[in-house]
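Right, one structure below, let's go through it.
Every number here is computed from the coordinates shown, using simple stated rules; none is lab data. All of these numbers come straight from a predicted model, not from anything done at the bench. Methodologically, a virtual Cβ is constructed for each residue, glycine included, from the backbone with ideal geometry; neighbour enumeration extends over all protein chains shown.
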Amino acid sequence: MTCGKTTRSISIPISCSKVRDSDARMMTLAIPFRTFKPVHAFVIFCLALFASPAAYAIDGVVVPERADPLPIAIAPFLAGGGAEETGGTLSGVITNNLGRSGYFAPLDPATFIEQVSNFEQAPNFASWQQIKAKALVTGQAYMDGGKIKVEFRLWDVNTQQQLAAQQFTTTPKNARRIGHIISDIIYKKLTTFDGYFDTRIVFVSEEGPKDKRVKRLAIMDQDGFNVRALTDGKDLVLTPRFSPSTNEITYMSFGKAEPRVYLMNIDTKQREIVGEFPNMSFSPRFSPDGQRVIMSLQDGGNANIFELDLRSRALRQLTNVAAINTAPSYSPDGSQIAFESDRGGTQQIYVMGADGSGQNRISFGNGRYSTPVWSPDGQWVAFTKQGGGKFAIGVMKSDGSGERILTEGFHNEGPTWAPNSRVLMFFRDGQGANGGPQLWSVDITGYNEQKVPTPGFSSDPAWSPKLN
Amino acid sequence: MTKTVSFKFAAALCCVLALAACSKKSTPDLEANAAAGLGAGQAMPGSEQDFATNVGDRIFFENDQSTLTAEAQETLRRQAQWLQQYTNVSIQVEGHADERGTREYNIALSARRATATREFLIAQGVEASRVSSIAYGKERPAALCDAEQCWSQNRRAVTVITGGAKTS
């Protein structure tokens, strides 16, 4: 997240800049965060000093290596002139995001001794040390000619250094997004990992009894806010996946005829069938460049994996085995594809070249392995594993080594990666005739399971790329 | 017997009772009513009811299998015979899987079951053009409990009449 990148790549009008250098002392202590366009020679000097990645260690320990979450105080954002609601929203969004990440323990505002009343003044660090805050976030929001201006600062309470500061100008309806972008900056500064808060989830929203479930495609922010239905529930819809580069999703839908793979623009809700094939098409996923879709085409009792070029509409067969070959997922560099096949008797994970060459099995543990999904950083393949009456979510390297189970229970299925490759979301099915699936997230370490709030039953989550 | 089907049977039975101006109070236990009251031949020959009641509209599969059991083959032979008697009837074979599998695989597995069923019916002499198929995966369970007694009823292929049946 940088100023230059923000203004260029997102469609909603957010402009941002570094906070004014009004305080010379503060500026001396400031550690500038990475930016495309360093304007002062001083900033360039600092960048050289604190070489990327900007791992900032509080008490000499970077956040992900701490035994306990970092106590952080998020001071209520100062607000005035009609921006009061935005101020509350911002503090709330940041507190919720950082707390849910598992790396931070936001302190209860009721314990705050100092009530920050002037954003431009340095905080009274002694009072924040007294409540054992290690980091402090201050901010303010105010209206400026119909636009809202938001500023924030991140402080190391012990060293009294300013670690980050930024200013945003936008319309009031974008307040939550600004909160997510600020959360991303704080998270990155203190964990070294890219943030994942300014993202969305497309999923299947479910309603009604199990034998007559109504399913709708829906989209929401990663924290469960701003839920919006994309389909009306008339047609059964499954397995939505984001395009890495456009505002499109691909998914499977049952209509009047054979179930098929569709594309939908999530802004206009305009949809199109991805191609006319003699039989059912299913289990689609985009290529990393967004120009192709890989999917399964059914042929009698078998299903094989095909690649469709979305521009030329050329279809290429990648597997040709009398078995079920499905759930394909590209490596982030587009050179390989992980998929599942029961060619050896039961569902197992295989990896092949993007042209279908060299199809090799990589899962060899006890049980069935399915729904492989390559992590955005290329390090891991996440999967669903069935065995002993349980369904687990795990990760392994693409050569099959380093298998790790992250969560296990009655029914966990269908992992999807946060864009920073640190957090996975999946669905967990509930037991009983009235039970249903819910969305959950878990850290790649296997810690910090969190239920993702949705209005009702939800399944088949897919995490978007970063929006900013 | 699944609840849904039991209910349909019971509902049909109630209609029959009503038409016969039967004064007997209908029992609140639909399950028992259907089980006790269903006699062969009550449904109009050539109707959907006749097919479901006297022929059997569904077959079941072993876990992760699409092989037709001896019992399934027997049911399908009866279906084929009936379909050859009522040649206007067109059907769709619905393939289903139980809930103990992953979504995409179960879609494919249920397609495999529907295919095996359809091909068997065609081999028995039913015209291919009369038989379509669709795969529902685990999306439409018939029995709703988290135990094998339900899962075994959900691993099924159901022959659904899409047109040409006699109506009363």
By the scheme Lys and Arg +1, Asp and Glu -1, what is the net charge of all other residues having a beta-carbon under 10 Å from that of A:ALA314? +2
Peptide-level mean, for B:133-144, of C-beta atoms on other protein chains within 10 Å: 5
Using the Karplus equation 6.51 cos²θ - 1.76 cosθ + 1.60 (θ = phi - 60°), what ³J(HN,Hα) coupling, rounded to whole Hz, does each residue of region A:378-384 give in order, writing x for Gly and Pro? x, 7, 9, 10, 7, 8, 9
What size of dipole, in debye to the nearest 20, comes out for region B:42-163 about its Cα centre when the only charges are +1 on Lys and Arg C-beta atoms and -1 on Asp and Glu C-beta atoms? 200
Taking the Cβ of A:MET264 as the center, what net charge do the other residues with Cβ under 15 Å away carry, scoring Lys and Arg +1 and Asp and Glu -1? +4
Given labels modelled 7 Å from the Cα in the Cβ direction, how far is it in nm from A:LYS397 to B:LYS166? 7.0
Considering only C-alpha atoms, what is the centroid distance from region B:114-150 to region A:394-468, in Å? 31
Applied in sequence order to region B:50-57, the curve 6.51 cos²θ - 1.76 cosθ + 1.60 (Karplus, θ = phi - 60°) yields integer Hz couplings, x standing for Gly and Pro, of 4, 4, 5, 7, 9, 10, x, 9
Ranked from fewest to most other Cβ atoms within 10 Å of their own Cβ, A:TYR262, B:TYR86, A:TYR251 fall in the order B:TYR86, A:TYR262, A:TYR251
I need the calculated FRET efficiency for the pair A:ASN247 and A:ASP377, taking r as the beta carbon distance and R₀ as 22 Å, to the nearest 0.05. 0.40
If amide H atoms are built 1.01 Å from N in the plane of the peptide, which residues on other chains or at least 5 residues away come under 5 Å of the amide H of A:SER363? A:ILE349
How large is ³J(HN,Hα), in whole Hz, for each residue of region A:314-321 in order, when computed from phi with the Karplus curve 6.51 cos²θ - 1.76 cosθ + 1.60 and θ = phi - 60°, using x for Gly and Pro? 6, 10, 10, 7, 9, 10, 9, 10
If each K or R counts +1 and each D or E counts -1, the residues other than A:VAL293 whose Cβ falls under 13 Å of its Cβ total +2
Peptide A:296-309, shielding by other chains (average Cβ, 10 Å cutoff): 3
Efficiency by 1/(1 + (r/R0)^6): what FRET value for A:MET143 and A:ARG228, r their Cβ-Cβ distance, R0 = 25 Å, to the nearest 0.05? 0.40
The distance between the Cα centres of region A:308-338 and region B:43-101, in whole Å, is 35
Cβ-based exposure ranking for A:LEU190, A:LEU107, in which fewest neighbours within 10 Å come first: A:LEU107, A:LEU190
Over region A:66-193, what relative contact order in percent results from Cα pairs under 8 Å that are six or more residues apart? 28
Once you compute Rg and the Kirkwood Rh from C-alpha atoms, what is the Rg to Rh ratio for chain A? 1.00
Amide H to amide H, which residues 5 or more places from B:MET44 or on other chains are under 5 Å from it, using H placed in the peptide plane? B:ASP50
Here the FRET efficiency for A:VAL321 versus B:GLU62, based on Cβ atoms and R0 = 25 Å and rounded to 0.05, is 0.65
Take peptide A:174-182, look around each residue's Cβ out to 10 angstrom, count Cβ atoms belonging to other protein chains, and average those counts. 0
Full-extension gain in nm, A:GLU408 to A:ALA126, via 0.36 nm per residue minus C-alpha separation: 97.0 nm
What is the gain in length, in nm to one decimal, between A:ASP59 and A:ASN448 on full extension, counting 0.36 nm per residue of separation less the C-alpha to C-alpha distance? 137.7 nm
Once you place label points 7 Å from the Cα toward the Cβ at A:SER312 and B:ALA70, how far apart are they in nm? 5.5
